Each structure stands twice: as structure tokens, then as C-alpha cells.
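The values are calculated or read from the model by the stated rules, or taken from the named source; none is laboratory data. Computed from a predicted model, the values in this text were never measured in an experiment. Methodologically, a virtual Cβ is constructed for each residue, glycine included, from the backbone with ideal geometry; neighbour enumeration extends over all protein chains shown.
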Amino acid sequence: MALEDAKREVDLAFTRAERRGLAYENVFGGATSFLRRRYSKDLTGVDLAITGVPFDQAVTNRTGTRFGPRAVREASALQPCDPPYGWGYSPLEEMEIVDYGDLAFDYAKVSDFPDTLTAHIRGILAAGPGTVTLGGDHYITFPILKAYAEKFGPISLLHFDAHCDTWVDDDFTRIDHGTMFYKAIKSGIVDPKTSVHVGIRTHNDDFMGVTVIDAREVHETGSAAVVKIIKGIIGDRPTYLTFDIDCLDPAFAPGTGTPVWGGLASWQVAAILRDLAGINMVGGDVVEVSPAYDTTGATAIAGAHVAHELICLYGWTRRKG
Ligand SMILES: [Mn+2]
């Protein structure tokens with residue numbers, strides 16, 4: 001059946017009739033939505049909306065993540081022809097998922113950007129589905145978390161990153177990808193006691209009460225031990241999972257703005273995300289993929305895999321029947 005479909009299917013991003021189902025469209029052709037989902041602004045009955053936020057004006061070093069959503073969508077074309085390995089279920093067949101497209105914003109009026117993004121996510125959440133967002137630099141997570149906190153209250157943050165992004169910054173008009181979790185905790189959006197940073201390997205004066213599982217601890221204790229600690233801290237609380245691609249070592253994800261050595265390997269991340277099945281993930285994002293520095297495309301491929309795993313986690317606790 002798949003081969004026959006491959007001869008007929010093209011541009012499923014626009015032509016697919018059903019929102020559910022795998023896709024056999026030629027990997028190398030056609031318009032690329034995320035995982036060949038249908039581009040749609042109709043959220044009626046939708047379980048999960050994928051959206052892109054092509055914003056990179058908050059970085060401390062190399063720009064380029066405005067091209068991240070496009071690159072991750074293209075890399076994702078490799079993945080929708082089979083259920084994801086190791087999960088034992090098929091989220092693309094069980095869930096109604098759409099590609100909601102990218103955020104529209106005035107690139108020259110940066111001060112308006114945070115509220116524009118919060119409204120975008122608020123609108124999706126009000127219609128019912130959760131979101132998996134493709135960044136964009138990591139600042140975007142702060143306006144997204146505002147919308148989530150409106151719906152769920154102070155939220156647990158499960159944060160994969162080389163950096164903890166909690167540098168002191170009491171000027172809330174600043175738009176900075178290294179201080180937004182300081183602001184999120186200070187403003188009561190994130191509950192630090194039930195939040196975790198994973199993969200950290202850069203200095204910070206103050207982790208603000210968030211549990212840190214640094215990269216060395218991941219390497220030395222192993223993924224199963226890490227998952228046990230995470231689950232013990234977040235329990236079944238509503239959890240937002242944010243994944244900065246620089247959590248991966250630059251050997252696996254060179255295409256990012258602020259790479260740091262000593263990071264996680266792809267296989268470690270794959271094992272941890274798979275074994276987190278059962279957490280109450282209400283939304284998530286993959287940020288900081290910067291295609292200009294991604295000479296092999298490996299970073300976008302990793303980003304697409306992480307985003308697909310987030311879909312699996314989201315669907316796992318919502319399986320019907
Ligand atoms: Mn980072």
C-alpha cells in the first residue's frame with residue numbers, strides 16, 4: 001500500500017484529506033509541513049498544533065535561528081512514513097495533528113514581539129489543542145510560558161540545555177535568550193521547586209531553586225537514573241518541555257548559536273525522552289536550530305527527531321481506548 005501511495009501522494013501539506021495517518025510522499029519532493037501534516041488554521045477537533053516562531057533577535061552570539069522552523073520541517077520529511085521507533089504506538093495515526101504555520105510578527109518592532117507570541121499561543125490553547133513550537137531562539141519560550149500559565153497556573157519546566165538561562169535581569173522590557181527563565185520564575189509563571197534543568201555545562205551564579213542534572217551527571221549516572229530523578233520531581237504536574245538543541249554536544253548539533261562541549265549524545269537524549277513516557281506534558285518546543293552553521297544538516301535532523309518525540313510524549317498520556 002505504501003508504495004502505491006508514494007506514486008500518488010504529493011504536497012500532502014495542502015492536499016491530505018485526513019489529519020491522521022502516516023505519509024508516503026517522496027521524501028525529496030513536495031511542500032514540507034512538519035511531518036507532512038496538513039497546514040491548517042482550523043483547530044476544531046485538533047489534539048496538537050505544530051507552530052513555528054522564526055525569531056532570532058534575542059541572541060547573545062550567532063543569529064540564524066529565524067530559519068530554524070523551515071529547516072526542521074524539511075528534515076522532518078524523513079520521518080512520517082513509519083510509527084516512531086521504540087514507542088509501540090503510532091501518534092500520527094492516533095492523534096489529530098496540524099501544522100498551524102509560523103507566527104506572523106513585525107520584525108522591525110521587536111518590543112511588540114512577546115505579546116504577539118503570547119496571543120498566538122493563547123489562541124491555540126483556547127481552541128483546545130496543545131502546542132509543539134519550532135524555534136526560533138530560546139527567548140520565545142518565555143512568551144509561550146505566559147500563555148501556558150494562564151491556562152494551567154504555575155507550571156513545571158523540564159528544560160534541556162547547555163545553559164540554564166537564569167541570569168539576573170530585572171528589566172522586563174529586555175528581550176534576551178539568556179535571562180528569560182529568571183523572569184519566568186520571578187513572575188510566578190514557572191514553579192522552580194518542581195522544575196529541572198538537564199544537560200547544563202556552563203556557569204551560573206544562581207539556579208533559583210531549580211534542580212540541576214548537569215551533563216556530567218547524565219554521563220556518569222545514565223539515562224535511567226536521570227529519568228527517575230525527573231519523574232520524582234515533576235510527578236504528574238502539568239509540565240512544559242523546552243529543548244534547546246545545544247543540550248546536544250556540538251558533535252551532534254553544531255548548527256546553533258552558543259555551542260558548548262561536553263554535551264549529551266543523540267542516543268542519550270533519545271533514551272531519556274522515550275523513558276519519560278507518562279509525564280503530563282502539556283506542551284513543548286525545540287529551539288536554537290541555526291541552519292547557517294549546520295553544514296551537514298545534522299542539527300535540523302536532531303531537532304526534527306526531538307520534536308517528533310515531544311509529539312509521542314504528548315500523545316502517550318492522552319491515548320484513547
Ligand atoms: Mn542554550
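So the values come out like this:
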| read-out | value |
| --- | --- |
| Filter result for ALA13 (over 30 Å from GLY178 (Cβ atoms), over 18 Å from the mean Cα position of the chain (by Cα) and in a loop (DSSP other than H, G, I, E, B)) | no |
| Test: residue in region 222-239 that is under 24 Å from PRO69 (Cβ atoms) and either touching a residue at least 12 places away in the same chain (Cβ under 8 Å) or within 13 Å of the ligand (Cβ to nearest atom) (or both) | yes |
| GLY262 vs. criteria surrounded by fewer than 24 Cβ atoms within 10 Å (Cβ to Cβ) and either away from the ligand (no atom under 16 Å from the Cβ) or of a type in the set (S, T, N, Q) (or both) | no |
| Every residue from region 277-294 that is hydrophobic (A, V, I, L, M, F, W, C) and either surrounded by fewer than 24 Cβ atoms within 10 Å (Cβ to Cβ) or more than 13 Å from GLY255 (Cβ to Cβ) (or both) | ALA277, ILE279, MET281, VAL282, ALA292 |
| Some residue of region 268-280 being within 13 Å of the ligand (Cβ to nearest atom), of a type in the set (A, V, I, L, M, F, W, C), modelled with pLDDT of 95 or more and within 26 Å of THR239 (Cα to Cα) | no |
| Selected residue (only one of THR296, THR256 is of a type in the set (S, T, N, Q), more than 16 Å from the ligand (Cβ to nearest atom) and outside any helix (DSSP H, G or I)) | THR296 |
| Failed item, numbered, when ALA225 is tested on (1) buried (at least 17 other Cβ atoms within 10 Å of the Cβ); (2) not in a strand (DSSP E or B) | (1) |
